[in-house]
1. Provide, in order from the shortest bin, the percent of all Cα-Cα pairs of the range 78-220 in each 10 Å bin, continuing until the bin that contains the maximum pair distance.
2. Could you give the dipole magnitude of the range 292-338 about its Cα centre, charging the beta-carbon of Lys and Arg +1 and that of Asp and Glu -1, in debye to the nearest 20?
3. Using only the Cα atoms of the range 1-153, construct the convex hull and provide its projected area averaged over every direction, in square nanometres to one decimal.
4. Taking Cα atoms, how many degrees apart are the long axis of helix 39-48 and the longest axis of the chain, rounded to 10 and kept between 0 and 90?
5. Which lysines, if any, have their Cα less than 18 Å from the Cα of residue 92, not counting same-chain residues under 8 positions apart?
6. Assign unit charges at the C-beta atoms only (+1 for Lys and Arg, -1 for Asp and Glu), then state the dipole size of the range 1-139 relative to its Cα centre in Debye, rounded to the nearest 20.
7. Starting from the Cα of residue 133, step 7 Å along the direction of its Cβ; do the same at residue 66; then give the gap between the two resulting points in nm.
8. I need the shape label for the range 266-338. Rule: rounded when a/c is under 1.5, else prolate if a/b > b/c, else oblate, with a, b, c from the alpha carbon gyration tensor.
Amino acid sequence: MKILVTGGAGYIGSHTTLALLEAGYEVVVLDNLCNSSDAALHAVEAICGKSARMIRGDVCDRALLDRIFREQRIDAVLHFAGLKAVGESVRKPLDYYENNVGGSITLCQAMAAAGVFRLVFSSSATVYGEPEQMPIREDFPTGIPTNPYGQSKLIVENVLRDLSQAEPRWRIALLRYFNPIGAHHSGHMGEDPNGIPNNLLPYISQVAVGSLPELSIFGDDYPTIDGTGVRDYIHVVDLADGHLKALQSIAERPGIHTWNLGTGDGYSVMQVLQAFEQASGRAVPYRVMPRRSGDIAESWADASKAAKELGWKATRSLQDMVTDTWRWQSNHPRGYLQ
Ligand code: NAD
Ligand code: UD1
């Protein structure tokens, strides 16, 4: 089977490309490299001895998509390509709607024209907004995302739902990721954010490696175990495996399906920080700051629907996640540049 992986040079896309190649799929990557480089795909090849075909281009480019579908015999699409920085989305909403919403619509149009109807979409737990209870189940109502990034994910989910209503040949998986962290255990692939990271783990690891002076903890007065925010962190390799299971599942399951990809466990910022310090043997200086606007106190998944329907369960612990993150960051203090 041949899979088109949009955004396959990025953090989650590259780990999934590796998992696909290891499982025997053929992979075509489409990526414009706006937030990545092809170094991640070189690492994939070095690890598994197989390579994906890399096409540098934009998912908004309909003519290019038509050419790819014409020349390659694509069976299904995993759609990771998009912009993902929450703060930037507030400053540049049009870029986010164009790439994330426009790109997804163009992709679906090209898929339909080519008769390819299997799609796995990277959504986010951000679509739940601020749920009243934990853990979060897929049948909870979606919330009102507080930023254009979150809106773009919810809009694409709704577009895909309408599409599936209109045309029964579509088989779509909406995968709502919780907080992906970690790196391949080889230490040769990992998260390589541009500039100063927004997310907790890349920030902690850049402080540990000496690239940033200290971590700001955004609030210690939440109603949680120790006052800091609680999230469901999931190892990126477990997440990648979840995509393979979803791909297999939609082959037998017409229509549109939503699955949470999380572990079902929540950890506080303080717990993550302590686990990281233990794994790295380094002290990570921090300062408690006011809450970050748009943050919620806690978020963790009910992961039982994916377990039951996909036969998928995350197996890697928080200790595995921080150990693998540290191995990657200490091997590559400047990311793929080094
Ligand atoms: P990433 O930025 O590392 O990967 C995205 C890739 O898409 C990059 O390689 C980028 O160059 C490419 N890209 C962006 N716009 C493109 C376009 N118009 N055409 C072609 N390529 C384009 O991000 P990631 O963390 O791997 O996230 C992958 C997907 O998962 C994204 O859709 C993201 O919104 C979603 N997601 C990520 C998280 C997370 O915490 N990382 C959480 C929930 C959902
Ligand atoms: C954030 C985004 C979310 C997006 C996800 C993945 C916001 C409000 N939410 O989720 O839309 O889908 O990233 O890209 O931006 N923290 C610190 N110090 C830091 C960084 C984070 O204390 O320097 C805390 C946060 O307050 C939070 C936890 O760490 O409690 C996790 O934060 P983060 O990694 O940014 O993920 P989310 O906020 O869950």
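The values are calculated or read from the model by the stated rules, or taken from the named source; none is laboratory data. What you see is a predicted model, and the numbers here were worked out from it, not measured in a lab. Methodologically, a virtual Cβ is constructed for each residue, glycine included, from the backbone with ideal geometry; neighbour enumeration extends over all protein chains shown. Side chains included, ligands, DNA and RNA excluded: accessible areas come from the protein's heavy atoms. Shrake-Rupley method; radii C 1.70, N 1.55, O 1.52, S 1.80 Å.
1. 10, 33, 34, 19, 4, 0
2. Details: 7 positive and 6 negative charges, 35 e Å.
In debye, rounded to 20, the range 292-338 gives about 160.
3. On the way: hull surface 39.3 nm².
Dividing the Cα hull surface by four gives the mean projection, 9.8 nm².
4. 80
5. 84, 153
6. Numbers: 13 positive and 17 negative charges, 77 e Å.
It comes to approximately 380 debye.
7. 5.2
8. Numbers: a/c = 2.06, a/b = 1.26, b/c = 1.63.
Note, shape of the range 266-338 comes out oblate.
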